[in-house]
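> Take this structure first; my questions come after.
The values are calculated or read from the model by the stated rules, or taken from the named source; none is laboratory data. Treat the numbers as computed from the prediction; the structure is a model and nothing was measured. Cβ sites come from the backbone with ideal geometry, for glycine too, and all protein chains shown count toward neighbours. Ligands, DNA and RNA are stripped out before the accessible areas are found, and what is left, the full protein with its side chains, is counted by its heavy atoms. Shrake-Rupley method; radii C 1.70, N 1.55, O 1.52, S 1.80 Å.
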Amino acid sequence: MARQLTDTQRLDLISRWKNPPGPSEQDRLGRAERMVKEAVRQHKLVTLLEASTQRLSSIATEQRQHLTALLDGHLATVTDLIEHGRYDKPTGQRLHHLAASLAQTAAWHRFDRGQHTTATKHWVAALHSAHTTGDRDMGAAMLGDLAYQAAWCKDHPTAIGILTHAITRTDHPAARSLLHLRLARALAAQGDERETRRALTTVERLLAASTTRPLPAWCSWYGEADLAVDTGQALLDLGDTARAHQLITEGRALLPPPERDKTSGVFLAYQAASHLELKEPEIAARTAGEALQLARRIGAPRCEALVQDLVPAFRHVRAAEGVEEFLALAAG
């Protein structure tokens, strides 16, 4: 005959069923150890990605045209870690900061190749990552880049609107100076001379005030060369050709090669345009030819597009020395 449970035994069974025993101390220690190991692994992986991204950013301009797939792979890895990885808050901040940096670089790669829709998507993604980290300077950088793209596409009202907002998002004098410089360019393209010159005055004042503070990483390249050339281009749009040409020439001389070959190509195209405005087609043809050869050597379609935009003007002065040679080069 089966032995029946006592009331006490029944109560004990019910209690165990309702309140199963928790993990043992050994289980808890094992889980904690696994979590620590996972955190260390994630930390090492993020450190590796940061170092690799830094190396990619430091590669010479001429070689960057071959790195798009590698850059996209880094960005995909970081995005996957953010969405599916397990990490603490500091590591999450690093991941989002890395995602913003990679997306910004990927955006410039697409922008330089005329892939504007994809570039915009990357900049917007970078802006979201910057917002997640609470980095206002980085957020202002992405807005500034979106404004630069809008101005490049001749949508100057949009550029002005974005820049007006971006300027309020950063406190660093150099960052604000750069944003005001881009604002001046957009205003000049619309023919607003009074506001352009006011913005240019602010640009110089802010850049002079930034000498005692380290520049944010996103505008660490910004300096007197950019100030001179972009001020010159703004003045060229306003019709102040002689002063514009002087500033563009001075700015080009200040630019350190070969670290900024792409920028040098853009500056050469601006300089060629200023020579055309000054009725100096021979010098313009030589300068435009130099810009075109540089753009093709480093794989910078955007720089080449700037030079190609000058071709119609050169056709009107094709009798000048060197112009036919330049037109043949541009057609090749």
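> Can you go through ALA320, ALA284 and tell me which one is small (Gly, Ala, Ser), touching a His at 6+ places or on another chain (Cβ under 8 Å), closer than 18 Å to HIS245 by Cβ and modelled with pLDDT of 95 or more? I'd like the intermediate steps shown before the answer.
Numbers: ALA320 fails: touching a His at 6+ places or on another chain (Cβ under 8 Å).
The match here is ALA284.
> While we're on this one: Can you run down the residue pairs with Cβ atoms below 6 Å, 6 or more apart or on separate chains, where the first is in the range 78-93 and touching a residue at least 12 places away in the same chain (Cβ under 8 Å) and under 13 Å from GLU50 (Cβ atoms) and the partner is surrounded by 15 or more Cβ atoms within 10 Å (Cβ to Cβ) and hydroxyl-bearing (Ser, Thr, Tyr)?
Matching pairs, first to second residue: GLN93/THR133.
> Then there is this: Whether any residue in the range 85-95 is in contact with a His (Cβ under 7 Å, 6 or more places away or on another chain) and over 26 Å from ALA174 (Cβ atoms) is what I want to check. Let's see the steps before the verdict.
Residues of the range 85-95 in contact with a His (Cβ under 7 Å, 6 or more places away or on another chain): 91.
Add one more test, that the residue is over 26 Å from ALA174 (Cβ atoms), and what stays is 91.
Yes: the range 85-95 contains one or more residues that are in contact with a His (Cβ under 7 Å, 6 or more places away or on another chain) and over 26 Å from ALA174 (Cβ atoms).
> Another question, then. Among all residue pairs at least 6 apart or on different chains, which show Cβ distances below 9 Å where the first residue, located in the range 95-117, is without any contact (Cβ under 8 Å) to a residue 40 or more places away in the chain and the second is of a type in the set (Asp, Glu) and open to solvent by less than 10 Å² (accessible area, probe 1.4 Å)?
Listed pairs, sorted by first residue: ALA107/ASP145; TRP108/ASP145.
> Determine which single condition ILE162 fails, assuming it passes every other condition in (1) within 18 Å of the chain's Cα centre (by Cα); (2) aliphatic (A, V, I, L, M); (3) buried (at least 21 other Cβ atoms within 10 Å of the Cβ); (4) within 23 Å of ARG260 (Cβ to Cβ).
The failed condition is (4).
> While we're on this one: For the list (1) closer than 24 Å to ARG55 by Cα; (2) open to solvent by 10 Å² or more (accessible area, probe 1.4 Å), I need the number of the one condition that HIS116 fails.
(1)
> Out of all the residues in the range 246-271, which are open to solvent by 50 Å² or more (accessible area, probe 1.4 Å) and assigned to a loop (DSSP other than H, G, I, E, B)?
Initial filter on the range 246-271 (open to solvent by 50 Å² or more (accessible area, probe 1.4 Å)): 246, 249-250, 252-254, 256-259, 262.
Across the range 246-271, the qualifying residues are PRO256, PRO257, PRO258, GLU259.
> Here is a further query. Can you tell which of ARG243, ARG194, ARG198, ARG185 is free of Cβ contacts under 8 Å to residues at least 24 places away in the same chain, closer than 22 Å to LEU278 by Cβ, open to solvent by 10 Å² or more (accessible area, probe 1.4 Å) and part of a helix (DSSP H, G or I)? Before the answer, list the steps.
Working: ARG194 fails: closer than 22 Å to LEU278 by Cβ; ARG198 fails: closer than 22 Å to LEU278 by Cβ; ARG185 fails: free of Cβ contacts under 8 Å to residues at least 24 places away in the same chain.
Exactly one residue qualifies, and that residue is ARG243.
> While we're on this one: Quickly run through the range 122-143 and pick out the residues that are assigned to a helix (DSSP H, G or I) and acidic (Asp, Glu). Write out each step before concluding.
First, the residues of the range 122-143 that are assigned to a helix (DSSP H, G or I): 122-133, 136-143.
Matches in the range 122-143: ASP137 only.
> Do you know which of the residues in the range 201-229 that are of a type in the set (A, V, I, L, M, F, W, C) and not in a helix (DSSP H, G or I) is surrounded by the most Cβ atoms within 10 Å (Cβ to Cβ)?
Just the residues of the range 201-229 that are of a type in the set (A, V, I, L, M, F, W, C), to begin with: 203, 206-209, 215, 217-219, 221, 225, 227-229.
In the following step, the residues that additionally are not in a helix (DSSP H, G or I) were identified as 215, 221.
Numbers: LEU215: 18, TRP221: 14.
The extreme case among them is LEU215.
> Okay, next question. I need the helices (runs of 4 or more DSSP H) fully contained in the range 25-121, keeping only those with at least 3 residues that are among the hydrophobic types (A, V, I, L, M, F, W, C) and modelled with pLDDT under 85.
Working: elements: 25-58, 61-64, 68-84, 89-112.
Counting at least 3 such residues, we get 25-58.
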